[in-house]
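To start, the structure itself, in C-alpha cells.
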Amino acid sequence: MSSPESNSAIRDLGIPVKAINWVRLHPGLTADGNGSLLGSMGQNNGGPFVIDIDLATGHCRQFPVQCPGAEAPTASMRSLRTGILWVGTAWQGHLHRYDPAHPERGLENLGRLDPELATFPTGITETPDGMIWVGAYPGCSLTRFNPTTGEFTRFGRMDPVDKYLYPLASDDGQLFAQVKMATYRMISIDTTTGQATRIGPVLESPPTNPKRYEFFKGTDGQLYLDSYEGAFHLTNGTATPVTQIPAQMPGVHATYKHGYQQIRPFPDGSIATFNDDHSFEFRRLQITAADGTPTRELKLDWTGSGTALWTLHLGPDQKLYGSSMLPEHLFSCELDGSNMVNHGQCSVSGGEAYSMVNYQGKLAIGSYPASRISLYDPALPYKFGTGPGANPLDVGPADDLSTRPHAMITTPDGKLWIGSAADYGLNDGSLAWFDPATAKRGSTRGIMPDRTPFVLHWLPALKQILIGFNSEPGTGVSAKHQQGGYALWDPAKNSAAYIGDFDDPNLVDVCSLIDAGNGLVYTLTGRNPRLVTHYECTPAPSRLCLIDPAKRKVLQSTLLPEAYGKLPFESGHILRTDTDGTLYGATTETVFRIKPGTVETEVVTKISGHPLSVVGPIHQGTFYFASEWVVRCLQL
C-alpha cells in the first residue's frame, strides 16, 4: 500500500479515443471563384480546430483554436459575402475567425462574447453591414461583433427565463431569433438598440408537445417560421401569415437542426457530405454531382489528440470498458492497459454512456441523449446496429421523455432499471425498466417531483430498489429545489413504498450509494458540480452517511474533509468496493478508504499529474480512473 502522500504508483494506460465533436462542413468560394470547403471540429485535448480541405486529395490544413480550455465549436457560420468562417467555442464563450484568404493568420481568437452571460455560443449570423451576431447559453444573450473595429456590443438577455438563443438575419438586414428550451418563442430584434419584441406563436413544453416549430432562412434570403399554427414570413418586426414558403437555404441556416450535413452546392452544383457521420467518424467525404451521382470519396487526414472520457466499467469478460463523450465511442482494454481498442459507435445517441452494468454475460449501456439502451456481447464480433445480428444492439430509449441515464442496475426478475434526468425543457426525471427477454418496457416520471433518480441500489432483504435523487431538472431549465431525497421502490408493484429524506435535516443531493453489509448502505450526499454549473444550484459540502433503509434513518454521518478536493463532474459512482470487500471513495484529488461500520475515512493517496475526472472500478487492489482523456490506474 502506498503512503498517503505518495503517487508514484499511478500509471497512465493510454488515450483510447481521439475523435471529434460538433462537426460542420462549410462550403464557399476562394478569391478566384473556385470551390472551397472548410470544416469546424471540436475535441477536448488540444481544443477545437478548423480544417481547410484540399478537394483533390483530402489533405487537411489544420488550424487549432488559440484559446486554452476551449473544447467545442458549438456555433459556426461561413459568411456568404466574404468566405470568412466564424466560430463560437464553449465553455468560455469565445468568438474566433478563420479567413481562408489569409491562412497565415490561423484561427484567430477575438475574445469573449459576454463574460457575464455566455459560455456556450448557440448560433451565429451576419447582417449585410458585416456585423456578426451571436446568441449564447446560459444567459439567452445576444452579442454583436464589429469586424472592422474589433469591438463587442453586448445586449444582454433576450428572455428573462429561457437560456438558449438562436439568431438569424435576412439578406436585407432584419434580425430575428428563436428562444428555447422550456418554451419555443420568436423575437424580433432591433439591430440598433438590441431591443427584443416577442412575435408569432408560442409553443409550450416542446418535449411533451412536439408540434412543428421550424425557424429558418429561405432560399430567397428571407426568414420564415413553419409552425403548428401555420407559416409566417418574419419581416418588419412581425410574423406575417403566408400560404407558401420557399425551400430552406442549405447549410447552417435553420435553428432546429444540428447536423448541418445538407450544405450549399459548389459552383458546379456538386455537394460534399460525410459518408460516416452516422458513426461519428468524420473521415470519409463524398462528393456528389448535381444530378445526384456520387463522383468520388476523399479520406480526410485531420489529426485528433484525445476525447474526454465519461464512464469506466469492469465488463463481464474482466476487461475494462469505457465511453468517450461527444462523440460516444466504446473502448476496451485488458486490465494492464494492453490491447486498447476504440470499437467506435455503440448507440444511436452519440453523446456519451452515462451508465453501464453487466447483464447475463453482456454489457448493458445507457446513453445520452434519449436514454437509449444498447446490449453488447463481448463473446461475439463487434458490429453495431439496431436490427438482428447487431452487436452492440441499440434497443431504443428507456422512455420518451428522459435524456441522461445516470444510473442502471439489474434486478432478480431479469429487468434493467434506469434512472434518468428529464428531457430538455422538462423537470421530472424518470425511473424506467426494460426487460431484454421480452423487449417490454415501462416508466414512471416525477416520483420525487422536479428531481432526477440519480443513483440506484438493489436491497435484497427488502426486495426493493433504493433510489437516491438529486435536484437536476432537464437541460435548459433551472433547478426548482436545492434538496434531493430517497425512495424505496417495489419493482413487483412498480410503485414507491417510501419517499422522503430519511429524517436527514442536512440532506442536499444523493450522489452515490454502495452496500455497507448487514442491510446497511453508505451514501455520499452533497452537490454534483454539474448542478452548480448548469442548473443554478448552490454549492454544498460532501457528507458520508451510513443509512439503514429498513428503518429509514441515518445512523451516522460526517463531512468529508475539504482537503480531499471536489466531487467529479459526473459523481454518481464515487463509492466503490474492491474484490476483497474493502470500501473506497474518490474525489478529483484524493482516494480514500472507509473504515467498515463507521463513517471514518483515511487518505490512501493523492491524485497526481491531472485531476481525476471519472471514477472507475476497483479490482484486486487496482483502482481504475480517468483524467480527462487518459485512462489511468493506481495500486492501492
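Some values worked out for this structure:
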item	result
Segments classed as strands (runs of 3 or more DSSP E), wholly inside the stretch 36-106, with at least 2 members that are over 16 Å from P121 (Cα atoms)	49-53, 60-64
Selection from the stretch 15-63 of residues that are surrounded by 20 or more Cβ atoms within 10 Å (Cβ to Cβ) and touching a helix residue (DSSP H, G or I) at 6+ places or on another chain (Cβ under 9 Å)	V23, F63
T208 vs. criteria of a type in the set (V, I, T) and at pLDDT 95 or above	no
Pairs where the first residue, in the stretch 30-45, is closer than 14 Å to W302 by Cβ and touching a residue at least 12 places away in the same chain (Cβ under 8 Å) and the second is among the charged types (D, E, K, R) and part of a strand (DSSP E or B), C-beta under 6 Å, 6+ apart	L38/D52; S40/R24
Enumeration of residues in the stretch 623-636 that are assigned to a strand (DSSP E or B) and surrounded by fewer than 19 Cβ atoms within 10 Å (Cβ to Cβ)	Q635
Y382, sole failed condition from (1) more than 22 Å from D277 (Cβ to Cβ); (2) free of Cβ contacts under 8 Å to residues at least 40 places away in the same chain; (3) in contact with a His (Cβ under 6 Å, 6 or more places away or on another chain)	(1)
Matching residues in the stretch 137-178 - criterion: being of a type in the set (A, V, I, L, M, F, W, C), at pLDDT 95 or above and under 24 Å from the mean Cα position of the chain (by Cα)	C140, L142, L165, A177
Number of the condition not met by A407 [criteria: (1) without any contact (Cβ under 8 Å) to a residue 60 or more places away in the chain; (2) part of a strand (DSSP E or B); (3) small (G, A, S); (4) within 27 Å of P16 (Cα to Cα)]	(1)
Close pairs (8 angstrom Cβ cut-off, 6 or more residues apart or separate chains): farther than 17 Å from S571 by Cα in the stretch 500-521, exposed (fewer than 14 other Cβ atoms within 10 Å of the Cβ) and of a type in the set (A, V, I, L, M) anywhere	G519/A461; G519/A550
Condition met for A231 (buried (at least 17 other Cβ atoms within 10 Å of the Cβ), at pLDDT 95 or above and closer than 19 Å to V87 by Cα)	no
Unique match (being modelled with pLDDT under 95, surrounded by fewer than 17 Cβ atoms within 10 Å (Cβ to Cβ) and among the small types (G, A, S)) among S495, S557, S478	S478
Strands (runs of 3 or more DSSP E) (entirely within the stretch 266-364) containing at least 2 residues that are closer than 28 Å to M249 by Cβ	271-274, 284-288, 294-299
When residues of the stretch 266-315 are limited to those that are more than 28 Å from S355 (Cα to Cα) and of a type in the set (V, I, T), the one modelled with the highest pLDDT	T303
Some residue of the stretch 118-132 being among the hydrophobic types (A, V, I, L, M, F, W, C), closer than 23 Å to G221 by Cα and surrounded by fewer than 20 Cβ atoms within 10 Å (Cβ to Cβ)	yes
Some residue of the stretch 379-388 being touching a strand residue (DSSP E or B) at 6+ places or on another chain (Cβ under 6 Å), assigned to a strand (DSSP E or B) and of a type in the set (F, W, Y)	no
Any hit, the stretch 428-440, residues being touching a residue at least 40 places away in the same chain (Cβ under 8 Å), in contact with a strand residue (DSSP E or B) (Cβ under 8 Å, 6 or more places away or on another chain), more than 29 Å from E472 (Cα to Cα) and among the aromatic types (F, W, Y)	no
Number of the exception - A19 against (1) touching an Asp or Glu at 6+ places or on another chain (Cβ under 9 Å); (2) within 23 Å of R632 (Cα to Cα); (3) in a strand (DSSP E or B); (4) not hydroxyl-bearing (S, T, Y)	(3)
From the options V599, V615, V554, residue that is closer than 16 Å to L544 by Cβ and either in a loop (DSSP other than H, G, I, E, B) or among the small types (G, A, S) (or both)	V599
Wholly enclosed strands (runs of 3 or more DSSP E) of the stretch 444-523 bearing at least 3 residues under 24 Å from the mean Cα position of the chain (by Cα)	452-459, 464-470, 509-517
Single residue of V614, V603 found to be of a type in the set (V, I, T), in contact (Cβ under 8 Å) with a residue 24 or more places away in the chain and either under 21 Å from C333 (Cβ atoms) or buried (at least 19 other Cβ atoms within 10 Å of the Cβ) (or both)	V614
Of residues in the stretch 179-195 being of a type in the set (A, V, I, L, M, F, W, C) and under 14 Å from S141 (Cβ atoms), the one farthest from the chain's Cα centre (by Cα)	I189
Close pairs (6 angstrom Cβ cut-off, 6 or more residues apart or separate chains): closer than 15 Å to G46 by Cα in the stretch 295-319, part of a loop (DSSP other than H, G, I, E, B) and basic (K, R) anywhere	G304/K18; G306/K18
Residue among T273, T303 that alone is out of contact with any Cys (no Cβ under 9 Å at 6 or more places or on another chain) and β-branched (V, I, T)	T273
Condition check for D226: modelled with pLDDT of 95 or more, of a type in the set (D, E, K, R) and touching a Gly at 6+ places or on another chain (Cβ under 8 Å)	no
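The values are calculated or read from the model by the stated rules, or taken from the named source; none is laboratory data. This is a predicted model, so every value here is computed, not measured. So basically every Cβ, Gly included, is an ideal-geometry build from the backbone, and we count neighbours across all protein chains shown.
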